[in-house]
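Reviewing the structure listed below.
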Amino acid sequence: MNAQAQFPAALLPAVEVEGISKTYGPVTALKPTSFSIPAGRYFVLLGPSGGGKTTTLRMIAGLIRPTTGRVKIAGRDVTDQPANRRDTAMVFQGYALFPHMSVEQNVAYGLELRKMSREQIRERTHEMLRLVGLSGFEARRPTELSGGQQQRVQLARALVLETSIVLLDEPLAALDATLRKDMCFELKHIQESVGTTFVHVTHNQEEAMTVADEIALIADGTVVESGAPRQMYERPHRRFTAEFIGENAVLSGPVGPSGMRIAGTSVPVPSGERISAISVAAENVRLSLDGTAREAWALPAAVVDVFYLGFSALLHVQIDGGPSIPVRLRARDLPDGLSAGTRVWVDWDVAEMRGHVD
Ligand code: ADP
Ligand code: MG
């Protein structure tokens with residue numbers, strides 16, 4: 001799709017934001033923020049509610065004017081351009097379909113405004129509906145579709161415009177968990193097959209991990225950290241990233257020559273960097289029952305609760321004099337008789353531990 005927009009645009013970042021910020025009177029929705037989105041990638045803005053994701057996306061779309069900074073699309077400064085001159089299409093939160101129009105008319109709508117021939121419009125509309133798995137639904141009304149199908153119509157309506165960038169704001173938020181997961185796989189496949197740059201906003205980390213080539217984590221009006229999903233999950237740099245992505249035991253304490261002081265015990269920490277916290281993925285925390293822990297510094301603790309989840313089991317364990325941390329075991333490694341109050345030791349392979357800066 002969109003061969004003319006991808007060359008030479010593919011050589012340039014699809015989107016560059018340079019120091020964009022947004023304030024509403026005394027409220028700062030976004031602090032000055034810069035990042036760039038490579039062409040043809042699936043980029044996700046992830047973060048807690050109120051962090052500034054929608055504001056960022058709408059500034060890229062041209063629906064909100066930045067208080068400071070510039071927005072570039074394919075190398076061209078579009079800060080002063082209106083939304084309809086930006087080579088972007090938007091998939092809004094909720095479904096926002098025209099209720100009195102058929103599926104086909106909803107998808108064709110944006111093309112009608114372009115004065116293409118009937119035949120061309122019909123061909124492209126049908127091609128897009130095929131791409132999103134809705135061939136045969138052309139004549140239906142939005143009320144005759146499931147939530148997932150309505151979401152696909154919205155996607156087709158954006159894709160049919162053949163812009164080089166598609167912006168999606170919480171596109172799956174209205175769907176139930178199972179459908180959301182399936183739609184994630186589909187979105188990813190569709191993005192890969194059309195090669196269009198997708199910029200997708202979500203507060204859901206699993207959704208972000210599933211679809212993204214690259215994630216920018218946004219909180220409190222600023223980009224905290226960005227990187228590939230695997231890097232963000234396995235090697236988070238900032239403490240907030242370790243708290244927000246994945247399921248991690250995050251611990252902090254004063255750092256001295258013998259390690260980090262946690263509840264009276266010195267735990268060895270990665271050397272070199274000045275860190276304020278450490279984290280270990282819940283699946284890398286080891287649990288021992290009877291003082292047979294592998295590390296001399298193992299921390300005494302008590303089980304708070306145990307959730308058997310089928311493939312795995314999730315426990316929370318309260319370190320004596322310290323915080324409660326998550327521990328994930330394969331269900332078959334769950335010791336018999338483990339329950340709230342059971343005394344345990346926790347430790348981990350030092351190589352699995354990550355150091356963080358605030
Ligand atoms: P997110 O999409 O990450 O949930 P938003 O970008 O919608 O966050 O909002 C970021 C912050 O800016 C929030 O605190 C929100 O209340 C505030 N905000 C957003 N739009 C406006 C507005 N039009 N007027 C005042 N405050 C706003
Ligand atoms: Mg939002």
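Couple of notes before you dig in:
- Condition broken by Leu111, with the remaining ones in (1) closer than 27 Å to Ala61 by Cα; (2) outside any helix (DSSP H, G or I) satisfied: (2)
- Index of the failed condition, Glu283 passing every other in (1) within 27 Å of Thr241 (Cβ to Cβ); (2) among the acidic types (Asp, Glu); (3) in a loop (DSSP other than H, G, I, E, B): (3)
- Count of the stretch 59-87 residues which are touching a residue at least 24 places away in the same chain (Cβ under 8 Å) and of a type outside the set (Asp, Glu): 17
- Considering the stretch 211-225, the residues that are surrounded by fewer than 19 Cβ atoms within 10 Å (Cβ to Cβ) and in a strand (DSSP E or B) include one that is farthest from ligand 1 (Cβ to nearest atom), namely Glu214.
- Reported count of residues in the stretch 129-145, each being part of a loop (DSSP other than H, G, I, E, B), in contact (Cβ under 8 Å) with a residue 12 or more places away in the chain and within 22 Å of Ile190 (Cα to Cα), is 6.
- Inside the stretch 237-258, residues that are buried (at least 19 other Cβ atoms within 10 Å of the Cβ), small (Gly, Ala, Ser) and assigned to a strand (DSSP E or B) make up a count of 1.
- Where a residue in the stretch 164-175 is farther than 18 Å from Asn84 by Cβ and of a type in the set (Gly, Ala, Ser) and its partner, wherever it lies, is in a loop (DSSP other than H, G, I, E, B) and within 13 Å of ligand 1 (Cβ to nearest atom), with Cβ under 7 Å and at least six apart: Ala173/Gln93
- Counting the residues of the stretch 126-150 that are surrounded by 14 or more Cβ atoms within 10 Å (Cβ to Cβ) and at positive phi gives 1.
- Filtering the stretch 292-321 to residues that are assigned to a loop (DSSP other than H, G, I, E, B) and either within 21 Å of Glu352 (Cβ to Cβ) or of a type in the set (D, E, K, R) (or both) leaves Thr292, Ala293, Arg294, Glu295, Ala296, Trp297, Ala298, Phe311, Asp320.
- Considering only residues in the stretch 158-182 that are of a type in the set (A, V, I, L, M), more than 23 Å from Gln105 (Cβ to Cβ) and more than 16 Å from ligand 1 (Cβ to nearest atom), the one that is surrounded by the fewest Cβ atoms within 10 Å (Cβ to Cβ) turns out to be Ala177.
- Residue within the stretch 189-206 that is at negative phi, within 16 Å of ligand 2 (Cβ to nearest atom) and aliphatic (A, V, I, L, M) present: yes
- Total residues in the stretch 339-358 satisfying the condition of being crowded, with 16+ Cβ neighbours inside 10 Å and in a loop (DSSP other than H, G, I, E, B): the figure is 3.
- Qualifying residue in the stretch 85-100 (condition: more than 30 Å from the chain's Cα centre (by Cα) and either part of a loop (DSSP other than H, G, I, E, B) or closer than 17 Å to Thr196 by Cβ (or both)): yes
- Any pair with Cβ under 7 angstrom, 6 or more apart, that starts in the stretch 231-249 at a residue that is closer than 17 Å to Glu273 by Cβ and ends at one that is in a helix (DSSP H, G or I): Pro236/Ala242; Thr241/Met232
- Here is the figure for the stretch 181-210: residues that are touching a strand residue (DSSP E or B) at 6+ places or on another chain (Cβ under 7 Å), of a type in the set (S, T, N, Q) and assigned to a helix (DSSP H, G or I) total 2.
- All of (1) touching a Lys or Arg at 6+ places or on another chain (Cβ under 8 Å); (2) within 16 Å of ligand 1 (Cβ to nearest atom) hold for Gly69 with one exception: (1).
- Residues of the stretch 24-60 classified as over 15 Å from the mean Cα position of the chain (by Cα) and away from ligand 2 (no atom under 13 Å from the Cβ), total: 15
- Within the stretch 34-54, considering residues that are crowded, with 23+ Cβ neighbours inside 10 Å and among the β-branched types (Val, Ile, Thr), the one nearest to ligand 1 (Cβ to nearest atom): Val44
Bear in mind these aren't lab numbers, they're just calculated from the coordinates by the rules spelled out. Values in this document were obtained by computation on a predicted structure and should not be read as measured data. Backbone-built Cβ (ideal geometry, glycine too); neighbour counts: all protein chains shown.
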